[in-house]
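Visitor: Can you read through this structure? Questions will come right after.
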Amino acid sequence: MKLNFLRAAACAGMIPALAACAILGGSDTDSHPPLGPVPTPSSLDPAGITTPLDAYLPAPEENYALKKARVTLVNQCMRGLGYTENPQPLGPFTGERWLEHTEFNVMPLGQAQQYGYQAPPKKSGGGTESAYSKNSTETQGLLLSGKVRTFNNKKVPKGGCEGEALRVITKGATTPTEVKLPGGSTAGSGEGGFSEGFAEMVVSAMRGEAMKRTRNDPRFQKVMDSWADCMKGRGYTYDSPSAAVNDSRWEENSGSPTRTELSTATADTQCKTKVNYLGVGIAVESAYEKKSIDENAELLADLKSWTSKWIENANNAIQGT
């Protein structure tokens, strides 16, 4: 399985292990905003990247509370209707972010050397959710969605047990059922509004717009050219890191990287480190993210307010059960 690199954006903050910091010169115009400090990451681990838009995302603990509340409320509702088969599962807390920084196509050197461009094995924990989906029945689906009005002579809540859980979690902070996202696209939630995953959706859209601007920025293009020169010096010809990641040869060997793939991914990572590809990318995208934050201040203020209320409601629901 090939790494699922987002074509979306993330922005620049500080990375846990910074070897050095510098100021990158460049055009100070409306289209090319000035940059702040340029980090020099000692590792190309995407888990260590933080950027300005991350401040608008729930912490992993908060997302887990939202999920736990939804699962708890749904199962409680289903039991109340007299349906006890195949309750929704709640996996263990992993501490992982729901929206990862994959936009720069980077990985730690050790991963590149061992797996090439293939995704490393995932931690166990997805089996329970797979079993839940496999064992779901038509009746369960109808009760969850509210497509039946009664069951066991009991009234099914509007929107089903999923709708009931959503109303509890979003009480006092219901979103519009249609939200205009940065970039002009529109997201619709249906009748009940958004909750879980809403912040990630908005931030992902904003990152996508910021990354478009980043790719056209001459300061980022310059570091990509330096990376390409480095790769050419090692015998690999690619115009961009995404071209290396998406080389069709890697798909042919999905799950079992060849020596060529391993050596290419290793050279790719080493060249990115040599030219400070990630540090420059973070700095440039951060500048555009900050600009996007200013451009979407009202939406982000609503996002913060709604998310805070949902987390409060979720914790209250968990404590009350």
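Visitor: Given Cβ point charges of +1 (Lys, Arg) and -1 (Asp, Glu) and nothing else, what value in debye, to the nearest 20, does the dipole of region 177-309 about its Cα centre take?
Guide: For region 177-309, the charge dipole is close to 580 debye.
Visitor: Any chance you could look up the accessible area of Glu164 with a 1.4 Å probe, heavy atoms only, rounded to 10 Å²?
Guide: 70 Å²
Visitor: Right, something else. Given charges of +1 on the Cβ of Lys and Arg and -1 on the Cβ of Asp and Glu, with all other atoms neutral, how large is the dipole of the chain about its Cα centre, in debye to the nearest 20?
Guide: Dipole magnitude for the chain comes out near 720 debye.
Visitor: Which lysines have a Cα less than 18 Å from the Cα of Lys309, not counting those fewer than 8 places away in the same chain?
Guide: Lys67, Lys68, Lys171
Visitor: In whole percent, what relative contact order does the chain give with Cα contacts below 8 Å and a gap of six or more residues?
Guide: 32 percent
Visitor: Distance from the Cα centre of region 279-321 to that of region 52-131, in angstrom?
Guide: If you average the Cα positions of each part, the centres end up 19 Å apart.
Visitor: Leaving ligands, DNA and RNA out of it, report the carbon-plus-sulfur percent of the accessible area of region 113-215 at a 1.4 Å probe.
Guide: Carbon plus sulfur share of accessible area: 50 percent.
Visitor: Where only protein heavy atoms count, and the probe is 1.4 Å, what is the accessible area per residue for the chain in Å²?
Guide: 50 Å²
Visitor: How far apart, in nm, are two points set 7 Å out from the Cα along the Cα-to-Cβ line at Ala55 and at Gln76?
Guide: Modelled inter-label distance: 3.5 nm.
Visitor: Rounded, prolate or oblate: which one fits region 203-262, using the alpha carbon gyration tensor with axes a ≥ b ≥ c (rounded when a/c is under 1.5, else prolate when a/b beats b/c, else oblate)?
Guide: Taking the square roots of the gyration eigenvalues as a ≥ b ≥ c, region 203-262 is oblate.
Visitor: Also, quick follow-up: At 1.4 Å probe size, what's the solvent-accessible area of Ser42? Round to the nearest 10 Å².
Guide: 80 Å²
Visitor: Shape of region 50-137 from its Cα gyration tensor (a ≥ b ≥ c, root eigenvalues): rounded if a/c is under 1.5, otherwise prolate when a/b > b/c, or oblate?
Guide: oblate
Visitor: Treating the angle as unsigned and between 0 and 90°, give the value, to the nearest 10°, between the Cα long axis of helix 297-319 and the longest Cα principal axis of the chain.
Guide: 50 degrees
Visitor: Still on this structure, please answer the following. Check which residues have an amide H placed less than 5 Å from Val38's amide H, if you skip close sequence neighbours.
Guide: Here the answer is Ala22, Ile23, Leu24, since their amide H atoms fall under 5 Å of that of Val38.
Visitor: Name the residue from Thr269, Met211, Met201 whose Cα lies farthest towards the positive end of the charge dipole of region 186-272, charges +1 on Cβ of Lys and Arg and -1 on Cβ of Asp and Glu.
Guide: Sorting the options by dipole projection puts first Thr269.
Visitor: Whats the longest run of the chain with zero trypsin sites (Lys or Arg not before Pro) that are DSSP loop and have at most 16 other Cβ atoms within 10 Å?
Guide: The segment 8-121 is the longest one with no such site.
The values are calculated or read from the model by the stated rules, or taken from the named source; none is laboratory data. Because the structure is predicted, anything quoted here is derived from the model rather than measured. All Cβ positions, glycine included, derive from the backbone under ideal geometry; neighbour counts span all protein chains shown. Just the protein is used for accessible areas: all its heavy atoms, side chains included, with ligands, DNA and RNA removed. Shrake-Rupley method; radii C 1.70, N 1.55, O 1.52, S 1.80 Å.
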